[in-house]
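See below for the structure under consideration.
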Ligand SMILES: Nc1ncnc2c1ncn2[C@@H]1O[C@H](COP(=O)(O)OP(=O)(O)OP(=O)(O)O)[C@@H](O)[C@H]1O
Ligand SMILES: [Mg+2]
């Protein structure tokens with residue numbers, strides 16, 4: 001049988017990947033910039049982090065390089081979207097192609113590297129003993145999982161309770177109003193797109209240096225950048241809801257992998273056992289689910305007029321008429 | 001053209017702020033051409049000028065939003081460099097922009113904090129709210145610090161803007177067309193507040209297109225045209241409305257137009273017991289019935305938010321409703337927008353940039369939007385570009401739309417020109433019924449004259465016109481009949497309205513009790 005605790009614990013671990021990427025995207029979008037390049041930034045971060053860790057034997061160095069790699073790509077999008085006022089959807093898609101392409105080239109031959117030193121796993125002393133929660137959240141988790149735990153309240157606090165967060169929200173909702181109050185719209189947008197890139201790079205490194213170490217080409221991220229973008233809408237741009245969604249999806253992903261190893265359920269042969277064609281159907285489900293969530297989520301956002309930052313995707317030009 | 005004729009500042013009243021020789025150009029226009037302007041401590045100095053004269057540009061320079069190409073700004077006699085709005089705020093200058101600069105999803109307190117350097121990091125909204133409350137009560141402005149901006153009426157939002165400036169320590173207040181969006185009673189309240197502020201040694205620059213208002217509130221008046229000052233520091237005692245209008249526009253303006261007698265014809269529009277919801281899902285129209293005849297202008301008077309916008313949307317097919325909307329005998333209530341268009345309903349919407357035009361498309365595209373399905377502009381599945389261009393050319397000439405070229409995106413047009421374009425398109429389609437919402441909001445006297453003339457001409461040609469306006473003077477000048485709407489219902493009808501009815505109509509717009517007795521010819525509509 002399947003051990004639920006283990007699935008949930010592994011789900012939290014793989015949910016951390018989605019968490020970083022989604023919260024990064026939330027920052028960028030709350031500032032009014034849509035960046036659809038998450039998948040590319042993640043993959044580029046993943047390969048950069050992995051190859052540095054493989055070459056130096058230092059996963060921490062790999063982690064830093066991964067974040068910088070994601071950040072670097074995001075600045076490209078920032079220049080296109082903020083300075084050149086390009087269509088953000090197109091620019092973001094281009095970024096995904098670019099990141100994926102770069103990762104393929106750089107990753108050539110990396111899949112045979114095999115094991116590299118990964119980031120440490122920790123068990124939190126007392127908390128790990130709490131029934132139910134302990135084994136799921138605090139036992140033998142990667143340090144990055146704990147970073148994720150801390151990032152969520154930090155992001156909520158930053159956005160809702162601080163002056164920089166107030167400025168962030170103003171820039172994404174009504175940049176002209178922020179500008180009239182002396183807030184530097186362009187600088188803040190650059191900054192938060194960069195934050196999004198750093199976190200996407202971190203998400204990539206979370207895969208290759210912590211959760212499932214190794215390089216598997218495009219399959220390393222396997223579309224999870226897109227799921228993170230879906231989560232942002234599902235979460236209505238709230239880091240807390242994004243975290244819940246991320247862990248939920250993490251668990252679903254995990255469950256899909258685990259169920260493939262089970263030969264029979266309640267005496268019936270498992271139709272999803274590895275090797276059977278139904279497996280593909282199963283693996284498709286999270287993505288289908290994201291589409292449904294995005295459709296429902298955005299309808300909901302439209303209907304209740306909540307959620308999406310009002311200036312999302314719209315370049316800002318001081319004093320332009322008719323906006 | 002009248003030359004600058006400045007009155008020397010009395011040495012007894014010090015100057016709060018002074019702009020000397022300001023030059024600011026944008027690609028293709030010199031918006032400010034060596035402009036001098038000064039404001040005395042404790043005065044209300046009105047700035048007048050036609051659309052595009054450069055008023056907002058000058059004020060944006062004073063508020064630190066635009067850097068002038070040339071010129072100097074002095075605050076309290078000292079030259080200052082205003083590199084950003086923050087510098088201006090620090091120098092005690094605050095501006096309420098023509099289009100409010102508030103973040104709708106945030107609270108009043110959050111909006112007030114936006115322009116400040118404090119707190120350092122953590123927001124303490126409770127404390128800020130208390131501080132705003134005490135400041136607001138000190139000066140007698142009513143605000144609710146924890147309310148979100150989108151929940152507030154326009155008048156309330158304006159009070160928030162004023163409180164925000166004062167909270168930032170502004171002693172020089174710039175109000176760019178503050179009354180353009182206010183109901184008469186709200187305007188009166190604003191004026192009381194402004195007087196209280198000047199009594200407390202604040203100085204105010206006040207921009208408006210409404211000459212009557214300017215004459216009643218201003219201590220001095222400066223007029224701009226085409227980037228230059230044409231009259232500086234006039235005392236209101238010495239000038240008349242006609243004077244001011246002539247100085248603004250450069251020619252005499254007829255403020256009241258000739259209205260020929262037109263015998264109303266058959267019923268064109270009949271709205272029967274219509275109910276509809278607003279954007280937030282609350283009832284906006286609660287059983288509205290009205291009729292408009294051919295050759296008749298029916299005015300709707302209402303304070304913003306009483307269902308008049310929704311009424312226009314229902315009639316033009318943009319909002320779902322129950323009940324019947326009959327145009328020339330055909331019920332279009334259930335139908336798509338196209339049913340309304342095909343029944344000959346023209347629409348001059350309230351939101352000119354969002355609904356009335358496509359800002360990034362050219363004059364041509366915007367002008368043919370209503371005709372693109374008809375010959376000769378359409379040919380089979382194709383548009384005939386040269387036919388479209390010649391159509392646009394004719395309209396541009398006939399309606400005097402000034403624009404660099406026909407291919408210019410319409411977002412570049414001034415408010416008056418954009419409105420002429422929309423009217424040109426709608427009137428050219430020869431509507432049976434024209435629904436015009438706030439057609440002259442924010443326009444200068446010259447532009448208003450032109451648009452009123454267009455509406456009167458259309459009426460003479462036998463079209464039915466439903467005119468929705470918060471401007472009572474406009475309704476009185478044009479309408480054959482005025483209906484007052486309050487909270488989603490037509491509460492009163494006034495036949496052949498005259499200036500004597502203004503106060504009573506105003507009272508009805510506010511839902512006032514006992515207003516009925518004030519209107520002689522009024523009949524309450526069931
Ligand atoms: N950001 C800008 N870019 C280009 N041109 C501009 C810009 N802002 C203003 N202009 C131009 O400068 C001129 C002055 O505009 P401004 O907004 O100051 O006029 P205004 O007197 O405030 O008019 P209104 O009464 O319509 O508000 C106009 O020709 C306008 O088209
Ligand atoms: Mg202006």
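Table for the structure above
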item	result
Selection within region B:106-122 - within 7 Å of chain A (Cβ to nearest Cβ), crowded, with 20+ Cβ neighbours inside 10 Å and farther than 25 Å from residue B:75 by Cβ	B:106, B:110
Condition check for residue B:54: assigned by TED's automatic domain parsing to the domain that holds residue B:179 and within 13 Å of residue B:31 (Cβ to Cβ)	yes
Any hit, region A:62-74, residues being part of a helix (DSSP H, G or I), modelled with pLDDT of 90 or more and surrounded by fewer than 15 Cβ atoms within 10 Å (Cβ to Cβ)	no
Set B:207, B:174: member being buried (at least 17 other Cβ atoms within 10 Å of the Cβ), within 14 Å of another protein chain (Cβ to nearest Cβ), under 30 Å from residue B:18 (Cβ atoms) and within 16 Å of ligand 1 (Cβ to nearest atom)	B:174
Extreme residue, surrounded by the most Cβ atoms within 10 Å (Cβ to Cβ), among residues of region B:376-416 that are touching a strand residue (DSSP E or B) at 6+ places or on another chain (Cβ under 9 Å) and in a loop (DSSP other than H, G, I, E, B)	B:377
The one condition in (1) within 16 Å of ligand 2 (Cβ to nearest atom); (2) in contact with a helix residue (DSSP H, G or I) (Cβ under 6 Å, 6 or more places away or on another chain) that residue B:441 fails to fulfil	(2)
Where residue B:169 falls short, out of the listed (1) crowded, with 22+ Cβ neighbours inside 10 Å; (2) at pLDDT 90 or above	(1)
Enumeration of residues in region B:88-105 that are within 7 Å of another protein chain (Cβ to nearest Cβ) and within 16 Å of ligand 2 (Cβ to nearest atom)	B:97, B:101
Residue satisfying all of: in region B:21-33; out of contact with any strand residue (DSSP E or B) (no Cβ under 9 Å at 6 or more places or on another chain) and more than 16 Å from ligand 2 (Cβ to nearest atom); modelled with the lowest pLDDT among these	B:28
Hey, residue B:162 closer than 19 Å to residue B:178 by Cα and touching a strand residue (DSSP E or B) at 6+ places or on another chain (Cβ under 8 Å) or not	yes
Which listed residue, of A:39, A:29, A:25, is more than 11 Å from the chain's Cα centre (by Cα) and at pLDDT 95 or above	A:29
Single match in B:144, B:131 (criterion: assigned to a helix (DSSP H, G or I) and closer than 27 Å to residue A:159 by Cα)	B:131
Residues of region B:21-33 that turn out to be part of a strand (DSSP E or B) and out of contact with any helix residue (DSSP H, G or I) (no Cβ under 9 Å at 6 or more places or on another chain), as a count	6
Selection count, region B:188-197, where residues are buried (at least 19 other Cβ atoms within 10 Å of the Cβ) and either within 16 Å of ligand 2 (Cβ to nearest atom) or under 17 Å from residue B:506 (Cα atoms) (or both)	1
Identity of the residue in region B:37-51, in a loop (DSSP other than H, G, I, E, B) and within 16 Å of ligand 2 (Cβ to nearest atom), that ends up farthest from residue B:218 (Cα to Cα)	B:51
Any hit, region B:304-324, residues being within 26 Å of the chain's Cα centre (by Cα) and over 30 Å from residue B:477 (Cα atoms)	no
Filter pass, residue B:350 being more than 14 Å from chain A (Cβ to nearest Cβ), surrounded by fewer than 21 Cβ atoms within 10 Å (Cβ to Cβ) and touching a strand residue (DSSP E or B) at 6+ places or on another chain (Cβ under 9 Å)	yes
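Yes or no, residue by residue, for (1) over 24 Å from residue B:244 (Cβ atoms); (2) assigned to a strand (DSSP E or B); (3) at pLDDT 95 or above; (4) away from ligand 1 (no atom under 15 Å from the Cβ):
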| residue | (1), (2), (3), (4) |
| --- | --- |
| B:3 | no, no, no, yes |
| B:9 | no, no, no, yes |
| B:19 | no, yes, yes, no |
| B:35 | no, yes, yes, no |
| B:53 | no, no, no, no |
| B:57 | no, no, no, no |
| B:65 | yes, no, no, no |
| B:73 | yes, yes, yes, yes |
| B:86 | yes, no, no, yes |
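Residue-wise test of (1) modelled with pLDDT of 95 or more; (2) over 29 Å from residue B:420 (Cα atoms).
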site: B:44; (1), (2): yes, yes
site: B:90; (1), (2): no, yes
site: B:100; (1), (2): no, no
site: B:105; (1), (2): no, yes
site: B:126; (1), (2): no, yes
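The values are calculated or read from the model by the stated rules, or taken from the named source; none is laboratory data. A quick note: this is a predicted structure, and the numbers were derived from the prediction, not measured. Don't worry about glycine lacking a Cβ; one is built from the backbone with ideal geometry, like all the others, and counts go over all protein chains shown.
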